[in-house]
Every structure is written in structure tokens, then in C-alpha cells.
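Input: a single structure, listed below in C-alpha cells.
The values are calculated or read from the model by the stated rules, or taken from the named source; none is laboratory data. None of these values were measured; they are calculated from a predicted model. In this analysis, Cβ positions are derived from the backbone assuming ideal geometry, glycine residues included, and neighbour counts consider all displayed protein chains. SASA here: full protein model, heavy atoms, side chains in, ligands and nucleic acids out. Shrake-Rupley method; radii C 1.70, N 1.55, O 1.52, S 1.80 Å.
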Amino acid sequence: MREYLLTLCITAAVTYLLTGPVRKFAIVAGAMPAIRARDVHREPTPRLGGIAMFFGLCAGLLVADHLTNLSEVFENSNEPRALLSGAALIWLIGVLDDKFEIDALIKLGGQMIAAGVMVMQGLTILWLPIPGVGNVALTQWQGTLLTVALVVITINAVNFVDGLDGLAAGMVCIASAAFFMYAYRIWYSYGIEAAAPATLFAAILMGMCLGFLPHNMHPARIFMGDSGSMLIGLVLAAGAISVTGQIDPDAMNLFSGSERNTVHQTVPVYIPLLLPLTIIAIPAADLVLAIVRRTWRGQSPFAADRGHLHHRLLEIGHSHSRAVLIMYFWSALIAFGALAYSVNSASMWIVLGVAALSFVGLVLLLLPRFTPRAPRWAEAFVPPRYRRRRPEEAAVVAPAASSPAYATEDAVEPVEQRTPLVAGAARLNGATALGARSRLLDRRKAETSR
């Protein structure tokens with residue numbers, strides 16, 4: 001455990017120290033695109049944060065290779081080298097996309113090639129433990145297709161959720177922490193050496209995210225870009241592939257009897273392995289919803305829009321920071337809930353605890369819809385968002401709604417129906433670009449006057 005923690009700290013330190021110089025390099029290189037319609041930040045922000053994260057990954061692997069116990073991972077397995085090869089390729093594609101905005105199909109092809117490179121070096125799914133059937137060995141083509149599909153889905157799930165400051169890095173850090181605890185339990189408690197590479201990958205991934213988060217929390221000074229989001233998605237997928245397809249369920253010897261009975265009895269233990277997307281369920285759900293939504297509209301599945309889950313949290317009135325924390329909460333609940341269930345599936349308290357926390361999460365999610373209003377005599381003692389709108393304030397909003405600039409279909413709505421949106425936008429405290437269009441125009445004029 002001490003060597004894993006040392007590797008994590010070295011990875012985090014290298015990533016943190018390199019992010020500042022990388023930010024200056026991104027500004028000089030011009031990797032700071034203009035604000036797009038779907039963006040929620042107000043000022044142009046440099047990308048290429050994935051450069052620091054990639055060198056953090058290299059530093060973590062280099063340190064682990066020189067440690068007493070972790071060096072055995074490199075001697076007994078080729079998976080760390082396979083990860084580094086695939087990560088280098090996907091990182092180069094991401095850097096080019098951050099600078100030149102390459103086509104989505106080209107990125108998809110690059111993701112498949114990176115996954116194929118890892119498969120060629122041994123990082124692939126060899127078999128699947130299926131309940132009621134037993135250990136099913138996969139052919140070379142089946143294992144390759146399943147591995148490539150898992151890598152591509154995980155990369156795009158993480159890439160899709162990278163829409164708010166600190167969101168993707170924090171959610172992947174939570175997922176990798178849960179995955180580290182699970183893989184370390186398999187490796188240390190049951191003595192299965194095949195789980196050591198996945199444990200190492202999870203520790204390095206945590207270090208990459210923790211080192212980058214101080215620079216990426218709201219207001220972000222730098223974005224990880226596709227070079228970072230695709231990189232951490234690939235590392236997360238590599239850990240899931242390593243521990244899913246390389247460990248024999250019968251090697252745990254938890255139950256006596258046939259291999260079929262062993263797999264059937266250990267189904268709760270293998271929930272995070274058979275379904276690795278449970279630890280990134282929120283990004284995966286966002287990915288599926290985005291594909292369905294865009295296809296239904298006749299658009300390309302890779303066309304960007306403002307319909308992601310984090311965008312909807314902002315629209316209903318959550319601030320930038322609170323929307324990120326809510327996403328953190330749901331990610332931790334799903335990841336650690338699956339982890340707890342895999343440890344003790346017979347405990348009803350785990351199910352009740354997850355249900356109770358889910359109810360709390362729903363209340364927090366819908367809280368802006370039920371914002372209470374204080375009475376007149378108590379308005380001096382409560383924050384402005386709990387105060388009722390005064391007549392003179394409503395009179396200011398009414399002419400704006402009736403002006404020609406707002407002569408749209410929405411202009412026929414009463415002012416009272418538009419009040420929650422205005423109040424919600426005011427509560428954002430400048431965190432997002434949601435609000436009146438005139439505010440954006442004023443900001444642009446102020447920028448050009450400089």
C-alpha cells in the first residue's frame with residue numbers, strides 16, 4: 001500500500017507542477033478557442049491540460065518500475081507497456097484536436113486504433129464469468145471486439161461529461177478510487193497477482209486527476225481538453241479490462257463445487273468487473289441520452305449541444321459549483337454502492353443506505369424548483385434569492401420582455417412565469433453563461449474596448 005500511495009503522490013505532484021507551464025504554453029500556441037454557444041464559461045480558457053496529465057502518467061509508471069514490489073508488475077505482465085502505448089497514441093490525437101479541431105470520425109478511428117494497439121500487446125479480455133453458465137472463454141476476435149468497444153465507450157463517456165470546471169476529473173477520480181479499493185482487495189486479500197496491474201492503473205489515474213483538479217476547479221484556469229479527457233477515459237477502461245478479462249473467478253476459491261457454482265455464487269463480487277460502466281454510470285447515461293437525443297433530431301451523434309446532464313442542472317437553477325458537487329455525489333453513490341454490495345451482498349443495510357442517499361440526492365437535485373420565499377418582515381435576514389420580487393423590480397423586467405429584441409414566441413409568457421429563470425440566473429453569480437443575451441453582448445463590448 002505504501003508503494004501505491006508513493007506512486008499516487010508522485011503522479012499528482014508531477015501533474016500539478018507541470019500544469020502551470022502547460023497553461024502558458026497553450027496560450028502561446030493559441031490553444032485557447034473562442035467561447036462557443038454550448039460553453040458555460042465566460043472567458044476564453046486555454047486547453048491542452050492533458051499534456052501535464054500524460055507526463056504525470058509517465059512519471060507514475062517510471063516510479064512504479066523502480067519500486068521493490070511494484071516492479072514485479074512490469075516483470076510479470078506486459079500490460080503497463082500496452083497502456084503506455086495506447087495512452088501515447090490517444091494523447092497525440094487529443095493534442096491535435098485541442099489545437100486544430102479534427103473531425104469526430106477521425107477521433108473515433110484513433111480511439112479504435114489505440115485500443116487495438118493495447119490488444120496487440122496483451123491488454124485484452126480473455127474470458128467472461130457469466131452467472132449460471134460459468135467461465136466463458138472468448139475467441140481472439142470476440143475478445144478484440146469487446147475490448148475495443150469497451151475502450152471507445154468509456155473514452156466517449158468521459159469526454160461527453162467534460163463540460164463543467166472540475167467535473168470530469170472529479171468524477172473519474174471518484175470512480176478510480178472505488179476501483180482501486182476493489183482491485184486492491186482482489187490482489188491483497190485473495191493473493192491474485194493478476195489484479196496488480198489494474199490496482200496500479202487506478203492509483204496512477206487518481207494521481208493524475210488529483211494533480212490537475214486544483215487548476216481546473218471553478219473558475220478553471222485551464223481545461224484538460226480532449227487530450228486529457230480521452231486519456232483518463234482510456235486509463236480507466238484499461239484497468240477494467242485488465243481485471244475483468246485476466247482474473248479467473250475460480251482462483252478466488254470462495255466456494256467449493258464446480259466452476260459454474262463458483263461463478264454463480266460470486267456474482268456480487270464481480271458486479272464492478274462484469275459491468276465496469278457502473279463506476280462511471282453517470283457519464284455512460286449522459287452518453288446514451290446524448291446519442292438518442294441527437295439521432296432523434298436528425299443530427300450526428302457527435303454533434304455538440306447543450307443538452308447534457310450538467311447543462312440541465314444549470315438550467316433549473318443550480319450554480320456551477322453546486323451542479324458539480326451534485327454530479328460528484330451521484331458518482332460516489334453509484335461507485336461505492338456497487339463496491340459495498342460486492343463486499344457484502346447479503347446486508348440489507350447497504351440497500352437501505354443507498355436508497356436513503358438516493359432520496360437525499362433527488363431532494364438536492366430538485367431544490368431550486370422549491371425555493372421558499374420569506375415573508376416581508378424577514379427579508380432583511382435572508383439571502384436575496386429567498387426574497388420576493390418588489391413591484392419596482394418587476395416593472396424593470398416588464399419593458400425588457402416587451403421590447404422588439406424579445407419579440408419571439410417566448411415573449412407572450414407572463415412575467416411571473418419568467419421570474420424563476422431570471423432568479424435562477426442571478427443565483428449563478430457569474431458562474432455560467434446562462435442568462436440574458438444582453439449580458440453577453442455587454443461583456444463582448446467590454447472586451448473589445450480593451
Phi angles of segment 86-103, converted by Karplus (6.51 cos²θ - 1.76 cosθ + 1.60, θ = phi - 60°) into ³J(HN,Hα) in whole Hz with x for Gly and Pro, give x, 5, 5, 5, 5, 5, 4, 5, x, 4, 4, 5, 5, 8, 10, 6, 6, 5
Using packing as a proxy for protection, rank 323-333, 289-299 so that the peptide with the highest average count of other Cβ atoms within 10 Å comes first. 323-333, 289-299
Taking R0 as 25 Å, what FRET efficiency do you get between Leu96 and Thr295 from their Cβ-Cβ distance, rounded to the nearest 0.05? 0.40
Ranking Cys58, Cys173 from most to least accessible area with a 1.4 Å probe gives Cys58, Cys173
Around Trp127, which amide H atoms from residues at least 5 apart in sequence, or from another chain, sit under 5 Å from its own amide H, with H modelled in the peptide plane? Leu138
Take each of the peptides 74-86, 221-233, average the number of other beta-carbon atoms within 10 Å over its residues, and list them starting from the highest. 221-233, 74-86
Taking each pair of different alpha-carbon atoms in segment 163-244 once, compute 1/r for the pair, average those values, and report the inverse of that mean as the Kirkwood hydrodynamic radius in Å to one decimal. 13.0 Å
Segment 146-157 - phi-based ³J(HN,Hα) in whole Hz, Karplus 6.51/-1.76/1.60, Gly and Pro as x: 5, 5, 4, 5, 5, 5, 5, 5, 5, 4, 6, 5
Output the peptides 357-367, 184-194 sorted from most to least packed, where packing is the average of other Cβ atoms within 10 Å over each peptide's residues. 184-194, 357-367
Over all alpha-carbon pairs in segment 128-203, figure out the percentage whose distance exceeds 15 Å. 70 percent
Which residues does the label zone of Arg81 cover in segment 139-166, counting backbone N under 12 Å from a point 7 Å along Cα→Cβ? none
Between Ala31 and residues 5 or more places away or on another chain, the pairs with built amide H atoms under 5 Å apart involve none
According to a simple spin-label model (label point 7 Å from Cα along Cα-to-Cβ), what is the distance in nm between Ala355 and Glu193? 4.5 nm
